[in-house]
Structure formats: C-alpha cells, structure tokens
Amino acid sequence: MTNLFSVFDPSSSILNLSINWMSTFLGLLFLPSLFWLMPTRYNLIWNKVMTTLHQEFKTLLGPTSFPGSTFIFVSLFSLILFNNFLGLFPYIFTSSSHLAFTLTLALPLWLSFMIYGWVNHTQHMFAHLVPQGTPAVLMPFMVCIETISNIIRPGTLAVRLAANMIAGHLLMTLLGNTGPSLSLTLVTFLIIGQIALLILESAVAIIQSYVFAVLSTLYSSEVN
C-alpha cells in the first residue's frame, strides 16, 4: 500500500527537487487572456496577425462576400499553423503531414463551394469553364482542361501541405541519423545545417498555412 500511494509524493528525479508542485500553475495557461488586466505582447502580436489576415481575405473575397466569412479562413490558418509548428518539436506527432488531415480540411471546403456555386450561380459557374477570349475551336478543350483543374484542386491543396511537411522532416531526420558515424568537425557542420533547416522549416510552417488559407479564399471568391 505504501508503494501504491508513493506516486503522489511531491518529488522528482531532477536534482531531487520537488518541482511537481509546478503542475499547480499549469492550469493558469488554459485561462483565457480576458481574465488578465492587460493584454500580453503575445496577445497584441496575434491580434495584429489576425486583423491583417482578416483585411487581406476580405479584399480577396470581394464586396459581394457574406459578412464574417473571413473567420473560417483565419481559423483554418491558425489550425494549420499551430499543427505545423508543434510538429517541429521532438516527440510530437505532425498531423499536417498526413493526407487524412489535409484532405479532411480541403475536400469539405471545396465541395461546399462547388455545391453552393452550382446551385445558386449556375450560369456564373458555366462561364468560368470558358476563359474570356477563347476561340470557338478551342472551347471544348478548354472546358475539359478547366473541369480537370477544378476537380484536382482539393487534391493539390492537400498534397502540397502534406508533401512540404514530410519533405522537411524527412531531411532533418536523415541528416540527424548520420550524426553518430561522423567526426567531430563534421558534426559541428551538421548541427549548423540542422539549425538552418529548422529555421527554414519554421518559415515553411507559416508559408504553407498561409498558402492553404489564401487558395481556399480564392476558390470561394470564384463562386460568387
């Protein structure tokens, strides 16, 4: 019985310090920022990012868009961004590198745009299949090409995000695995290379989430 209840003893293996009580304060991390007296710098930066994205998506959607329709794309950006960034930490599963995750985001969005467009703006959707100024001879071919390019859109959205995530992580893993077999000088270069790759991957995490959100916005703006 003594051993059974010993898991509740406030001690840890790190320098024999009782830092288990730190878990008491972890709950404060989940408190919304509204409870604080003043917004933090992180809060101000995030608000700035969200406002900028909202303005940009609003411009892309055009004046005919529904009020508040940018929120879905801003939320999409945030979700993908956090997933991409968390994947850069060790022992955290990168969900955005799997098609099960990326297709789940891309396919329903594209499908809902298509259904809405074909039901409410059928003539407009047909007009999109033939670009302006196309010669009469090329019209059947253009319809085929435009239809195929439209159908593969969710696939390209999903594969682009997944492939970019996989490529960077694979490269880092392959380089990291060669470390034990290298000399000290080469290991130094390897670490510098890995740090540079990590910075690049951080940039890719932001860029890919932005690209996904912007392309989704552009696809929805074509419908109206």
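The values are calculated or read from the model by the stated rules, or taken from the named source; none is laboratory data. Just so it is clear, the structure is predicted and the values come from calculations on it, not from any experiment. All Cβ positions, glycine included, derive from the backbone under ideal geometry; neighbour counts span all protein chains shown.
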**Message:** I'm checking my understanding of the structure. Among residues of segment 168-213 that are touching a Leu at 6+ places or on another chain (Cβ under 8 Å), in a helix (DSSP H, G or I) and polar (S, T, N, Q), which one is nearest to Phe73 (Cα to Cα)?
**Reply:** Ser209
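Any residue that is modelled with pLDDT of 90 or more, within 29 Å of Phe101 (Cβ to Cβ) and exposed (fewer than 14 other Cβ atoms within 10 Å of the Cβ) - is there at least one of those in segment 173-185? Please lay out each step first, then the result.
Step one: of segment 173-185, the residues modelled with pLDDT of 90 or more are none.
Scanning segment 173-185, I find no residue that is modelled with pLDDT of 90 or more, within 29 Å of Phe101 (Cβ to Cβ) and exposed (fewer than 14 other Cβ atoms within 10 Å of the Cβ), so the answer is no.
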**Fill in**
Residues of segment 104-133 being surrounded by 13 or more Cβ atoms within 10 Å (Cβ to Cβ) and in a loop (DSSP other than H, G, I, E, B), in sequence order, are His121, Leu129, Val130
**Pairs, first without any contact (Cβ under 8 Å) to a residue 12 or more places away in the chain in segment 116-132, second surrounded by 13 or more Cβ atoms within 10 Å (Cβ to Cβ), C-beta under 6 Å, six or more apart** = Trp118/Met125
**Message:** at pLDDT below 90 and at negative phi: which single residue out of Leu215, Leu170, Leu200 fits that description?
**Reply:** Leu170
**Asked** Looking at segment 184-224, which of its residues are touching a residue at least 40 places away in the same chain (Cβ under 8 Å) and of a type in the set (Val, Ile, Thr)?
**Response** Val204, Ile206, Val211, Val214, Thr217, Val223
